[in-house]
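Q: Have a look at this one.
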Amino acid sequence: MIIHPLPWQPRAARLSLLAACVAAALALPAAAQDAATARPDNLADLSIEELANIQVTSVSKKPERLQDAPASVYVITADELRRSGARSLPEALRLAPNLHVAQSSTYGHAISARGLNGSNNSGPNKLLVMIDGRSVYAPLFSGVFWDMQDVMLDDIERIEVISGPGGTMWGVNAVNGVINITTRSAHATQGSLASLRATTNGADAAFRQGGRAGDASWRAYGKVLQRSHSETEAGTRVNDAWRQAQLGFRADWERGSDTFSINGNLVRGRPEQPEPGEISVTGSALRLDDLDTAGANLTAHWERALDGGGRLSVQAYLDHTRREVPPTFTESLQIADLQLEHTLPVWGRHSLIWGANLRHSWDHVTNSEVIAFLPEREQQTWASLYAQDEMALSPDLSLTLGARIERNDYTGNEFLPTARLAWRLSPRHTVWSALSRTVRAPTRLDVDAYIPGRPPYLLRGGPQVRSEVARVVELGYRGQPLAGLSYSATLFHNQYDHLRTQEIDPTQTFITFGSLMEGEATGIEMWGSYQLTNAWRLSAGFTALHERLRLKAGSNDLAGPGSAGKDPEHTLQLRSHYAFDDRRELEVALHKVAALENPAVPGYWALDARFGWRLRPNLELALVGQNLNGGHGEYGPRETRAELGRRVGVKLMWTN
């Protein structure tokens with residue numbers, strides 16, 4: 001089934017829509033003002049203490065208190081998402097202080113953790129992203145097409161963001177972090193929800209309906225969006241306007257000790273290509289046309305609670321994506337994935353979990369004069385087996401040992417071990433440390449790419465490319481000295497080897513990919529929250545990173561280490577949430593990102609704000625402003641990158 005984006009109106013119509021939203025809200029009956037205005041005891045959905053005790057699953061694939069988790073993990077809650085005014089998943093991920101989110105166009109983003117955001121000019125490729133257990137990384141280049149991950153934010157339960165290696169539990173490519181997005185059960189999304197948003201650079205609308213059918217709960221949704229084009233710092237138009245439509249559903253039900261879930265999504269988008277004009281290859285001038293993107297996925301999950309606290313689960317999903325990038329290439333990709341996971345009942349001092357994963361892809365790339373992937377059609381298989389044992393050395397000291405063996409078609413077997421030690425000084429204070437080894441396996445871009453698409457080639461894929469390896473040491477502390485104060489701090493040191501390079505062939509006739517770069521990355525991540533009063537909460541986050549990358553003996557890479565590390569030396573975020581009463585709230589956020597060197601991007605400050613007004617128990621109006629202190633660029637060359645300017649908008653959300 002193909003979803004055709006709806007026609008969109010010009011900028012004047014969008015501004016009219018924005019004004020109409022405000023007028024409709026202000027014209028509501030005065031009864032909306034009769035709601036109670038007494039200040040409740042707890043105005044936030046979760047208190048600081050409740051946040052410390054929230055259950056996370058991404059670290060060890062089993063529920064555990066965030067306070068006890070031996071990893072650098074930040075949880076974005078549903079309430080944080082609502083208060084932020086985010087319009088998309090990448091915007092929502094700016095809430096995580098342990099991520100660097102850089103926007104290059106209306107739909108293009110580079111998102112990374114702990115560095116290597118350049119990865120030799122192919123973008124970040126060391127972050128594993130999952131939505132309800134379905135991996136969304138692209139096997140073509142190990143990155144993520146963020147424009148196609150158009151999750152309905154109002155349906156998200158939480159986002160667990162791990163910075164640091166996650167290969168043992170999640171497999172190759174979870175080198176510098178894991179983003180695990182969990183949506184709400186259909187049981188929790190009954191009734192209706194409708195939202196309409198208009199901003200100075202676009203609009204979007206969404207509708208969701210939930211209900212019951214026998215013992216099962218279900219929901220279905222649809223959403224559409226439109227974004228207008230950006231401009232460069234010089235005022236030149238960037239061809240990055242974007243429109244997209246999406247449909248999806250989810251159903252959940254229980255039967256005895258078994259739980260079942262099934263969900264699916266359909267998406268169709270038409271983004272413009274940000275680079276204006278034409279591209280010249282082998283003497284031919286080829287026009288850059290609009291992209292055409294489409295996707296469909298279906299995920300089924302079964303879980304059984306076993307006697308003694310054990311658990312057995314099986315998940316399978318099918319994923320189809322098609323991405324036409326004229327005149328460069330068109331890719332059609334199908335993925336089938338099967339996962340088995342078994343948590344054994346606690347045995348003495350041991351808590352053991354093991355699992356297996358089988359993944360197969362069918363990839364077809366239609367080549368062009370610009371680039372060719374040879375062969376055009378290729379199938380790949382990934383198979384892995386993992387186990388992890390958490391041992392209680394004492395009531396307050398635990399040691400976790402785990403390992404995964406994963407086989408891929410390019411480099412064969414990869415070994416991904418980890419050791420984690422957690423010392424609970426008290427129920428509110430935990431010190432942890434970890435040693436891990438993880439890898440990023442080669443992709444079709446590394447091995448099969450040829451530029452231009454016909455001889456003579458200037459660049460050829462490297463059949464001898466090796467897996468990029470990271471050996472990581474971490475030391476962390478998580479504390480809650482007061483009921484209203486919590487903080488987390490992590491020191492890390494990454495030792496990299498076999499990073500990808502662009503080597504000149506001995507014949508001096510073309511460039512090929514190699515693995516002749518190494519180096520280190522050392523840094524710190526810190527964040528915390530303080531509940532000053534029942535109505536006022538402050539949050540802060542800070543990261544510092546120092547990368548030292550170098551070419552190994554024998555390398556003749558012309559780009560040098562600077563093409564791999566396009567990362568700020570530090571980032572800072574400050575957030576303030578104030579609830580005037582149970583109907584009105586104000587969220588203010590200030591972000592600082594240090595300058596990037598290659599290509600040069602100046603450092604910037606960004607001020608965002610959202611004012612929410614619950615006009616009725618089931619009707620909310622939100623006024624949102626982004627980059628209120630002025631525009632800035634975030635990623636890419638100065639001549640072509642989008643300048644993110646001041647933006648204001650309004651959102652109206654109705655529930656029933």
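Q: I'd like the full set of residues that are of a type in the set (A, V, I, L, M, F, W, C) and closer than 17 Å to Ser351 by Cα, limited to segment 365-418. Walk me through it before giving the result.
A: The first filter runs over segment 365-418 and keeps only residues of a type in the set (A, V, I, L, M, F, W, C), leaving 365, 370-374, 382-383, 385, 387, 391-393, 397, 399, 401, 403, 405, 415-416.
Ala387, Met391, Ala392, Leu393, Leu397, Leu399, Leu401, Ala403 - these are the residues of segment 365-418 that are of a type in the set (A, V, I, L, M, F, W, C) and closer than 17 Å to Ser351 by Cα.
Q: Could you please find all residues in segment 418-474 being in contact with a Ser or Thr (Cβ under 6 Å, 6 or more places away or on another chain), of a type in the set (D, E, K, R) and over 20 Å from Leu128 (Cβ atoms)?
A: Scanning segment 418-474 gives Arg424, Arg460.
Q: What tally of residues in segment 216-239 results from selecting those that are closer than 18 Å to Gly649 by Cβ and assigned to a loop (DSSP other than H, G, I, E, B)?
A: Residues that pass the stated criteria total 2.
Q: If you don't mind, another one. Does Gln315 count as closer than 21 Å to Glu406 by Cβ and surrounded by 17 or more Cβ atoms within 10 Å (Cβ to Cβ)?
A: Working: closer than 21 Å to Glu406 by Cβ: yes; surrounded by 17 or more Cβ atoms within 10 Å (Cβ to Cβ): yes.
The answer is yes for Gln315.
Q: Is it the case that segment 380-392 has a residue that's at pLDDT 95 or above, among the aromatic types (Phe, Trp, Tyr) and under 28 Å from Thr168 (Cβ atoms)?
A: Pass one, segment 380-392, residues at pLDDT 95 or above: 380-392.
Filter once more, keeping what is among the aromatic types (Phe, Trp, Tyr): 382, 386.
Next, only the ones that are under 28 Å from Thr168 (Cβ atoms) stay: 382, 386.
Yes, segment 380-392 has at least one match.
Q: Taking the condition of being among the acidic types (Asp, Glu), crowded, with 18+ Cβ neighbours inside 10 Å and part of a loop (DSSP other than H, G, I, E, B), how many residues in segment 632-656 meet it?
A: We begin by selecting, within segment 632-656, every residue among the acidic types (Asp, Glu); these are 634, 639, 643.
Applying the additional criterion that residues be crowded, with 18+ Cβ neighbours inside 10 Å yields 634, 643.
Filter once more, so that each one left must be part of a loop (DSSP other than H, G, I, E, B): 634.
Within segment 632-656, residues that are among the acidic types (Asp, Glu), crowded, with 18+ Cβ neighbours inside 10 Å and part of a loop (DSSP other than H, G, I, E, B) number 1.
Q: Being among the polar types (S, T, N, Q), surrounded by fewer than 23 Cβ atoms within 10 Å (Cβ to Cβ) and free of Cβ contacts under 8 Å to residues at least 24 places away in the same chain, is that true of even one residue in segment 206-218? Explain how you work it out, then say what you get.
A: Start the filter on segment 206-218 by keeping residues that are among the polar types (S, T, N, Q), which leaves 209, 217.
Imposing the further condition that a residue be surrounded by fewer than 23 Cβ atoms within 10 Å (Cβ to Cβ) reduces the set to 209, 217.
Narrowing further to those that are free of Cβ contacts under 8 Å to residues at least 24 places away in the same chain: 209.
Within segment 206-218 (the criterion being among the polar types (S, T, N, Q), surrounded by fewer than 23 Cβ atoms within 10 Å (Cβ to Cβ) and free of Cβ contacts under 8 Å to residues at least 24 places away in the same chain), the answer is yes, since at least one residue qualifies.
Q: For segment 354-410, give me each residue that is β-branched (Val, Ile, Thr) and farther than 30 Å from Leu288 by Cβ. If you could, list the steps in order and put the result at the bottom.
A: Of the residues in segment 354-410, the ones β-branched (Val, Ile, Thr) are 365-366, 370-371, 381, 400, 405.
Within segment 354-410, Thr381, Thr400, Ile405 qualify.
Q: Would you point out the residue of segment 500-540, among those that are among the polar types (S, T, N, Q), part of a strand (DSSP E or B) and in contact (Cβ under 8 Å) with a residue 60 or more places away in the chain, that is farthest from Thr411 (Cα to Cα)? Steps first, please.
A: The initial filter retains those residues of segment 500-540 that are among the polar types (S, T, N, Q), namely 501-502, 507-509, 512, 515, 522, 529, 531, 533-534, 539.
Keeping just the survivors that are part of a strand (DSSP E or B) gives 501-502, 512, 515, 522, 529, 531, 539.
Checking which are in contact (Cβ under 8 Å) with a residue 60 or more places away in the chain leaves us with 501-502, 529, 531.
Working: Thr501: 17, Gln502: 19, Ser529: 44, Gln531: 50 Å.
Filtering first and then ranking leaves Gln531.
Q: Looking only at segment 111-170, count every residue that is over 24 Å from Leu291 (Cα atoms) and among the aromatic types (Phe, Trp, Tyr) and tell me the total.
A: Going through segment 111-170 one residue at a time, the tally reaches 1.
Q: Another question, then. Scan segment 318-330 for residues that are in a strand (DSSP E or B) and surrounded by fewer than 19 Cβ atoms within 10 Å (Cβ to Cβ) and jot them down. Walk me through how you get there before you give the answer.
A: In the first step, residues of segment 318-330 are kept if they are in a strand (DSSP E or B); the result is 318-325, 329-330.
Those that are in a strand (DSSP E or B) and surrounded by fewer than 19 Cβ atoms within 10 Å (Cβ to Cβ): Leu318, His320, Arg322, Glu324, Thr330.
Q: Only residues in segment 319-348 that are touching a residue at least 40 places away in the same chain (Cβ under 8 Å) and under 30 Å from Lys61 (Cα atoms) count as the first member; pair them with residues that are of a type in the set (A, V, I, L, M, F, W, C) and surrounded by fewer than 17 Cβ atoms within 10 Å (Cβ to Cβ), Cβ under 6 angstrom, at least 6 apart or cross-chain, and list the lot.
A: none
Q: Need the failing condition index for Asn117 against (1) under 17 Å from Asn297 (Cβ atoms); (2) in contact with a Lys or Arg (Cβ under 6 Å, 6 or more places away or on another chain); (3) of a type outside the set (Ser, Thr, Tyr), just the number.
A: (1)
Q: Return yes when Arg184 is surrounded by fewer than 20 Cβ atoms within 10 Å (Cβ to Cβ) and in contact with a helix residue (DSSP H, G or I) (Cβ under 6 Å, 6 or more places away or on another chain) and no when it is not. Steps first, please.
A: Details: surrounded by fewer than 20 Cβ atoms within 10 Å (Cβ to Cβ): yes; in contact with a helix residue (DSSP H, G or I) (Cβ under 6 Å, 6 or more places away or on another chain): yes.
Against the criterion (surrounded by fewer than 20 Cβ atoms within 10 Å (Cβ to Cβ) and in contact with a helix residue (DSSP H, G or I) (Cβ under 6 Å, 6 or more places away or on another chain)), Arg184 qualifies.
Q: Turning to a different aspect of this structure: Just the residues that are within 30 Å of Ser515 (Cα to Cα) and basic (Lys, Arg), please, taken from segment 457-490.
A: Here is the first cut: in segment 457-490, the residues within 30 Å of Ser515 (Cα to Cα) are 457-475, 490.
Answer for segment 457-490, where residues must be within 30 Å of Ser515 (Cα to Cα) and basic (Lys, Arg): Arg460, Arg466, Arg471.
Q: I would also like to ask the following. Where residues in segment 43-60 are over 23 Å from Asp582 (Cβ atoms) and surrounded by 20 or more Cβ atoms within 10 Å (Cβ to Cβ), which of them is farthest from the chain's Cα centre (by Cα)? If you could, list the steps in order and put the result at the bottom.
A: Taking segment 43-60 and keeping what is over 23 Å from Asp582 (Cβ atoms), we get 52-53, 55-60.
From what's left, surrounded by 20 or more Cβ atoms within 10 Å (Cβ to Cβ): 52, 56, 58-60.
Numbers: Ala52: 22, Val56: 17, Ser58: 14, Val59: 16, Ser60: 19 Å.
Per the stated criteria, the residue is Ala52.
Q: Moving on to the next point. Just one of the numbered conditions (1) closer than 21 Å to Asn297 by Cβ; (2) in contact with a helix residue (DSSP H, G or I) (Cβ under 7 Å, 6 or more places away or on another chain) is not true of Leu225; which one?
A: Every condition holds for Leu225 apart from (2).
Q: Residues of segment 165-180 being among the β-branched types (Val, Ile, Thr) and over 10 Å from Ser58 (Cα atoms), which ones?
A: First pass over segment 165-180, keeping only residues among the β-branched types (Val, Ile, Thr): 168, 172, 175, 178-179.
Scanning segment 165-180 gives Thr168, Val172, Val175.
Q: Take the residues of segment 458-499 that are touching a helix residue (DSSP H, G or I) at 6+ places or on another chain (Cβ under 7 Å) and assigned to a strand (DSSP E or B): which is surrounded by the most Cβ atoms within 10 Å (Cβ to Cβ)? Can you show your working first?
A: Filtering segment 458-499 down to residues touching a helix residue (DSSP H, G or I) at 6+ places or on another chain (Cβ under 7 Å) leaves 461-463, 465, 478, 480, 483-486.
Cutting the leftovers down to assigned to a strand (DSSP E or B) gives us 478, 480, 485-486.
Working: Arg478: 27, Gln480: 23, Leu485: 17, Ser486: 24.
Only one residue fits best here, namely Arg478.
Q: List the residue pairs whose Cβ atoms are under 7 Å apart, where the first residue sits in segment 582-607 and is assigned to a loop (DSSP other than H, G, I, E, B), the second is surrounded by 17 or more Cβ atoms within 10 Å (Cβ to Cβ) and aliphatic (A, V, I, L, M), and the two are 6 or more positions apart or on different chains.
A: As it stands, the answer is Asp582/Leu43; Ala595/Val601; Gly603/Val593; Gly603/Ala594, since those pairs meet every condition given.
Q: In segment 217-235, how many are over 17 Å from Phe249 (Cβ atoms) and within 25 Å of the chain's Cα centre (by Cα)? Give the derivation first.
A: Going through segment 217-235, the residues over 17 Å from Phe249 (Cβ atoms) turn out to be 225-235.
So of that shortlist, the ones also within 25 Å of the chain's Cα centre (by Cα) come out as 225-230.
Residues flagged as over 17 Å from Phe249 (Cβ atoms) and within 25 Å of the chain's Cα centre (by Cα) within segment 217-235 amount to 6.
Q: Could you list, in sequence order, all residues of segment 479-512 that are closer than 23 Å to Asn125 by Cβ and of a type in the set (S, T, N, Q)?
A: Within segment 479-512, Thr490, Asn494, Gln495, Thr501, Gln502, Thr512 meet the criteria.
Q: If the requirement is being in contact with a Gly (Cβ under 9 Å, 6 or more places away or on another chain) and basic (Lys, Arg), which of these qualifies: Arg548, Arg471?
A: On the way: Arg471 fails: in contact with a Gly (Cβ under 9 Å, 6 or more places away or on another chain).
The unique qualifying residue is Arg548.
Q: Okay, next question. So, in segment 572-631, how many residues would count as being over 25 Å from Ser195 (Cα atoms), hydrophobic (A, V, I, L, M, F, W, C) and buried (at least 16 other Cβ atoms within 10 Å of the Cβ)?
A: Residues flagged as over 25 Å from Ser195 (Cα atoms), hydrophobic (A, V, I, L, M, F, W, C) and buried (at least 16 other Cβ atoms within 10 Å of the Cβ) within segment 572-631 amount to 7.
The values are calculated or read from the model by the stated rules, or taken from the named source; none is laboratory data. Please read all numbers here as calculations on a predicted model, not as lab measurements. Note: ideal-geometry Cβ built from the backbone for every residue, glycine included; neighbour counts use all protein chains shown.
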